[in-house]
Amino acid sequence: MTAPSVPLKAPPETSEAAGPPERSLVSRLASGATGGVMRVFLILVALLWVTPTVGLLASSFRDPTDIADSGWWTVFSKPAQLTTESYSTLLGKEEITDSLLNTIWITVPATVLVIVIGAMAGYAFAWMDFKGRDWWFLAVVALLVVPVQIALIPMSELFGDLGIFGTIIGVVVFHVGFGLPFAIFLLRNFFAEIPRELLEAARLDGASETRLFTTVVLPLGGPAIASLGIFQFLWVWNDMLVALVFSDSDSRPLTVALTQQTRQFSGNIETLAPGAFISMVIPLAVFFAFQRQFVSGVMAGAVK
């Protein structure tokens, strides 16, 4: 005997063919933003951002009479307006050249010391065991919220007692002291992401802590160190508050010298434009020189 056949049910007919789900308005806007529209928008933003810098550069090469008669954009139609007289006049002043050298003598040691001390302290907090390590690190993090202004008066009294008030050393010490908390916090967190197995393998090969730090940790921390160096360099180079308080006529940096030129020449742009551009071009050169390391440091840890 054969089993009776059971009729199969036909699948229910759908009124419409199944298709992709309808995309929301936000999703469509997000996908469109990744195309040519976003590129055009970013180009426009970049042009708007660069326009003041181009205007400052053009004004620094113009004669005072031309600056008073027309806008800086006229140099594109009248290139004969361009002249180096403003730079010659500004750099011919001894106080400007001395202040530029003072800025270098302040910025370079303050940046190097923060990197060196911050890297050593960051390695110690990340991979060395000592009593009260976590509490000491919390104290360092707490120093990040201390504003610079609150320390100006007590540090002025301390520097006066030590005999370094009004000197380049005093300005450097202040910048190093306030730059170290951020440096230690940044580098400690970066060094802590180094695989423990890598450090243990180096120790098994007989590497001391000093050799481990210089040959393994520092090369791996290059992007973070470059990012820290750029931040510290820009902060110290462009600082004026600390320099106004702790420097004198022999140790003042370029920012203070330009401020005094403003008072002396009633804010004439033909004098300030070349000075402002000189003070801006060196940080730009430093940034572009370490741009790749800076991007790598910012993106470190974002992609596993």
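The values are calculated or read from the model by the stated rules, or taken from the named source; none is laboratory data. Fair warning: this is a prediction, and the values are worked out from it, not measured in the lab. In this analysis, Cβ positions are derived from the backbone assuming ideal geometry, glycine residues included, and neighbour counts consider all displayed protein chains. Surface accessibility is based on the protein's heavy atoms, side chains included, excluding ligands, DNA and RNA. Shrake-Rupley method; radii C 1.70, N 1.55, O 1.52, S 1.80 Å.
Taking 0.36 nm per residue of separation and subtracting the Cα-Cα distance, what length does fully extending ALA139 through ALA289 add?
On the way: separation 150, 0.36 × 150 = 54.00 nm, distance 3.41 nm.
Answer, rounded to one decimal: 50.6 nm.
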Quiz item: For the stretch 208-213, in order, what is each residue's ³J(HN,Hα) by Karplus, 6.51 cos²θ - 1.76 cosθ + 1.60 with θ = phi - 60°, in whole Hz (x at glycine and Pro)?
Solution: 6, 4, 5, 5, 4, 5
Exercise. Output the Cα-based Rg and Dmax of the stretch 182-283 in Å, rounding Rg to one decimal and Dmax to a whole number.
Key: 21.4, 68
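Tell me the carbon and sulfur percent of the accessible area for the stretch 34-180, rounded to whole percent, probe radius 1.4 Å.
Numbers: 6610 of 9010 Å².
Whole-percent figure for carbon plus sulfur exposure: 73.
Counting only heavy atoms of the protein chains, get the accessible area per residue of the stretch 156-291 (1.4 Å probe) and round it to a whole Å² value.
Numbers: 6610 Å² over 136 residues.
Heavy-atom accessible area per residue stands at 49 Å².
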Quiz item: Hey, what do the phi angles of the stretch 90-106 turn into as Karplus ³J(HN,Hα) couplings, whole Hz, using 6.51/-1.76/1.60 and θ = phi - 60°, x for Gly and Pro?
Solution: 5, 6, x, 8, 5, 5, 6, 5, 5, 5, 5, 5, 4, 4, 5, 5, 8
Quiz item: Using the Karplus equation 6.51 cos²θ - 1.76 cosθ + 1.60 (θ = phi - 60°), what ³J(HN,Hα) coupling, rounded to whole Hz, does each residue of the stretch 227-244 give in order, writing x for Gly and Pro?
Solution: 4, 4, x, 5, 4, 5, 4, 5, 5, 6, 5, 8, 6, 10, 4, 5, 5, 5
Quiz item: How many nm separate the modelled label positions at ASP205 and LEU234, each set 7 Å beyond the Cα in the direction of the Cβ?
Solution: 3.6
Exercise. Take the Cα radius of gyration of the stretch 52-105 and divide it by 2.2 N^0.38 Å, with N its residue count; two decimals is plenty.
Key: 1.34
Quiz item: Out of residues 5 or more away from ARG62 or on other chains, whose amide H comes under 5 Å of its own, with H placed 1.01 Å from N in the peptide plane?
Solution: THR83
